[in-house]
1. Assess whether GLY38 counts as being outside any helix (DSSP H, G or I) and in contact with a strand residue (DSSP E or B) (Cβ under 6 Å, 6 or more places away or on another chain).
2. Tell me yes or no: at least one residue of the stretch 10-19 is touching a helix residue (DSSP H, G or I) at 6+ places or on another chain (Cβ under 9 Å), in contact (Cβ under 8 Å) with a residue 60 or more places away in the chain and not hydrophobic (A, V, I, L, M, F, W, C).
3. Taking the residues in the stretch 29-47 that are surrounded by fewer than 17 Cβ atoms within 10 Å (Cβ to Cβ) and among the hydrophobic types (A, V, I, L, M, F, W, C) as candidates, determine which candidate is nearest to THR6 (Cα to Cα).
4. For CYS13, which of the numbered conditions (1) under 11 Å from the mean Cα position of the chain (by Cα); (2) in a strand (DSSP E or B) fails to hold?
Amino acid sequence: MKTLRTMLYCGHCGGPTAEGNHEACAQALAMEPPRYCGECRRRMVVQVHPMGWSARCSQHGDLSSDQG
């Protein structure tokens, strides 16, 4: 069962999603994994592998490219 996550912060730059323009960030995230947790803005541990990527927030758990 997937959990719906609220994206308060940009996964690329870590800035609040409600402030500023994040179009460039969205384009970057199409090609690379998020570096910041969208819920708490913590820097995540990211691992890139041949079939995609996985990221872990110490507070909110795991994300992966196959969660799309």
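1. yes
2. no
3. Checked the stretch 29-47; the qualifying residue nearest to THR6 (Cα to Cα) is CYS40.
4. Among (1) under 11 Å from the mean Cα position of the chain (by Cα); (2) in a strand (DSSP E or B), CYS13 violates only (2).
Bear in mind that the values in this text are calculations on the coordinates, not laboratory data. The model shown is predicted, which means the values in this text are computed figures rather than measured ones. We place every Cβ from the backbone using ideal geometry, glycine too, and count neighbours over all the protein chains shown.
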